[in-house]
Amino acid sequence: MSRFIISILLIFGLLQLNYSQNKIQQIKPEKILYKSTNEGELNLFVYKPSEFDIKKKYSCIVFFHGGGWNSGTPEQFQRQSRYFASRGMLAVSVEYRIRNEHGTSPIQAMEDAKSAIRFIRSNAKLFSINPNRIATAGGSAGGHLAAVAGNIDLFDNSDEDLTISSKPNLLILYNPVIDFGARKWLWINNPSDASPIHNISKGSPPTIILTGTNDKIVPVESIMNYKKIMESVGSRCDVILYEGAEHAFFNTGDDFIDTVFQTDIFLKSNGYLSGPPTIK
């Protein structure tokens with residue numbers, strides 16, 4: 001093959017990549033109120049496929065941002081939301097109560113996470129989604145919220161329709177907080193009640209965990225123990241370790257690209273996506 005033809009193919013490939021990236025950037029979120037609290041209103045930021053068809057039933061992925069239940073915004077997962085919308089999913093990034101803005105504890109954050117999933121599932125027709133194909137994802141504290149929704153039966157708001165499940169069908173966890181340990185916390189009497197690792201049971205959703213080997217907040221040992229417990233109850237739990245990576249590694253550089261790529265592969269293996277990943 002001549003150098004000229006090779007050059008033309010390379011240029012064409014770059015143009016295709018730029019077109020794809022521009023198409024992703026053009027996906028803008030729709031802001032939808034899902035909950036009113038004494039501390040303020042809470043919204044969902046909904047990213048739809050560019051060729052959205054209300055007659056279809058899309059798979060849904062719901063993101064919870066990190067920030068130690070103290071800070072953070074739904075924009076943390078804006079790039080991931082746009083990407084998976086471009087892949088043909090309905091992507092949602094959730095606003096929930098945090099200490100710095102609302103003066104609340106992780107208990108309210110857990111309640112909000114469950115409220116968001118219940119709202120999305122109860123409005124499946126409005127969102128044009130399959131209510132049995134809702135994946136939740138999150139990083140750090142957001143990973144904790146996703147895992148709580150998937151494994152813990154507590155922290156539901158009693159004024160909601162509890163006949164509608166707040167349990168996701170799939171979990172995608174980036175360096176998630178899964179265990180509060182034995183130390184005392186001011187906001188909860190029994191830390192194990194809010195620790196996903198102590199509440200895994202038969203029927204826990206298939207899960208992928210992506211974490212760094214140099215994470216000082218979420219030790220690899222606890223992640224591998226989580227995987228062991230999941231497998232003991234018959235649930236799938238994939239773990240991908242990033243050598244030398246520290247906490248909150250997943251949103252920068254090559255790690256961002258690879259974690260999105262691996263998430264795509266996991267979603268496809270569970271029937272939520274089709275075709276090859278377009279990010280790598």
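The values are calculated or read from the model by the stated rules, or taken from the named source; none is laboratory data. In this text the structure is predicted, and so the values were computed from the model without any measurement. Heads up, the Cβs are rebuilt from the backbone with ideal geometry, glycines too, and the neighbour counts pull from every protein chain shown.
Can you find a residue that is farther than 21 Å from VAL220 by Cβ, among the hydrophobic types (A, V, I, L, M, F, W, C) and either surrounded by 21 or more Cβ atoms within 10 Å (Cβ to Cβ) or in contact with a helix residue (DSSP H, G or I) (Cβ under 6 Å, 6 or more places away or on another chain) (or both) anywhere in region 164-174?
Looking only at region 164-174, we keep the residues that are farther than 21 Å from VAL220 by Cβ, and these are 164-170.
This time we only want the ones that are among the hydrophobic types (A, V, I, L, M, F, W, C), so: 164, 170.
After this cut, where a residue has to be either surrounded by 21 or more Cβ atoms within 10 Å (Cβ to Cβ) or in contact with a helix residue (DSSP H, G or I) (Cβ under 6 Å, 6 or more places away or on another chain) (or both) as well, the list is 164, 170.
Yes, because at least one residue in region 164-174 is farther than 21 Å from VAL220 by Cβ, among the hydrophobic types (A, V, I, L, M, F, W, C) and either surrounded by 21 or more Cβ atoms within 10 Å (Cβ to Cβ) or in contact with a helix residue (DSSP H, G or I) (Cβ under 6 Å, 6 or more places away or on another chain) (or both).
I need a count of the residues in region 207-263 that are among the hydroxyl-bearing types (Ser, Thr, Tyr), touching a Gly at 6+ places or on another chain (Cβ under 8 Å) and within 23 Å of SER81 (Cα to Cα). Full working, then the answer.
Pass one, region 207-263, residues among the hydroxyl-bearing types (Ser, Thr, Tyr): 207, 211, 213, 222, 226, 232, 235, 242, 252, 259, 263.
With the extra rule that they be touching a Gly at 6+ places or on another chain (Cβ under 8 Å), the set shrinks to 207, 213, 235, 242.
If we keep only those that are within 23 Å of SER81 (Cα to Cα) too, we end up with 207, 242.
Going through region 207-263 one residue at a time, the tally reaches 2.
So which of ALA135, ALA149, ALA113 ends up being without any contact (Cβ under 8 Å) to a residue 40 or more places away in the chain and of a type in the set (Gly, Ala, Ser)?
Working: ALA135 fails: without any contact (Cβ under 8 Å) to a residue 40 or more places away in the chain; ALA113 fails: without any contact (Cβ under 8 Å) to a residue 40 or more places away in the chain.
One residue alone meets the criteria, ALA149.
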For residues that are assigned to a loop (DSSP other than H, G, I, E, B) and aromatic (Phe, Trp, Tyr), scanning just region 229-275, find the one that is surrounded by the fewest Cβ atoms within 10 Å (Cβ to Cβ). PHE249
Selection count, region 203-221, where residues are outside any loop (DSSP other than H, G, I, E, B) and touching a Leu at 6+ places or on another chain (Cβ under 6 Å): 2
Pairs, first within 13 Å of ARG133 (Cβ to Cβ) in region 265-279, second hydroxyl-bearing (Ser, Thr, Tyr) and assigned to a loop (DSSP other than H, G, I, E, B), C-beta under 9 Å, six or more apart: LYS268/SER274
With the first residue restricted to region 218-233 and required to be free of Cβ contacts under 8 Å to residues at least 12 places away in the same chain, and the second required to be outside any helix (DSSP H, G or I), Cβ contacts under 9 Å at 6 or more apart or on different chains are LYS228/CYS237; GLU231/CYS237; SER232/ILE200
Is it the case, given these coordinates, that VAL177 is among the aliphatic types (A, V, I, L, M), within 15 Å of the chain's Cα centre (by Cα) and over 20 Å from ILE134 (Cα atoms)? yes
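Among ILE200, ILE164, ILE178, which is the only one that is part of a loop (DSSP other than H, G, I, E, B), of a type outside the set (D, E, K, R), within 24 Å of LYS56 (Cα to Cα) and free of Cβ contacts under 8 Å to residues at least 60 places away in the same chain? Write out each step before concluding.
Values: ILE200 fails: within 24 Å of LYS56 (Cα to Cα); ILE178 fails: within 24 Å of LYS56 (Cα to Cα).
So the residue among ILE200, ILE164, ILE178 that is part of a loop (DSSP other than H, G, I, E, B), of a type outside the set (D, E, K, R), within 24 Å of LYS56 (Cα to Cα) and free of Cβ contacts under 8 Å to residues at least 60 places away in the same chain is ILE164.
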Selection over region 194-227 where residues are in contact with a strand residue (DSSP E or B) (Cβ under 6 Å, 6 or more places away or on another chain), small (Gly, Ala, Ser) and farther than 14 Å from TYR242 by Cα yields a count of 1
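Scan region 127-147 and tell me whether some residue there is at pLDDT below 95 and on the phi > 0 side of the Ramachandran plot.
Within region 127-147, the subset at pLDDT below 95 is none.
So far as region 127-147 goes, no, none of its residues is at pLDDT below 95 and on the phi > 0 side of the Ramachandran plot.
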Report yes if ASN130 is assigned to a helix (DSSP H, G or I) and touching a residue at least 24 places away in the same chain (Cβ under 8 Å), otherwise no. no
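Out of all the residues in region 179-191, is one or more in contact with a Gly (Cβ under 9 Å, 6 or more places away or on another chain) and crowded, with 18+ Cβ neighbours inside 10 Å? So that I can check it myself, show each step before the final result.
If we filter region 179-191 for residues that are in contact with a Gly (Cβ under 9 Å, 6 or more places away or on another chain), which is where we start, we get 191.
Then drop every residue that is not crowded, with 18+ Cβ neighbours inside 10 Å, which leaves none.
Looking for residues that are in contact with a Gly (Cβ under 9 Å, 6 or more places away or on another chain) and crowded, with 18+ Cβ neighbours inside 10 Å, one finds none in region 179-191, hence no.
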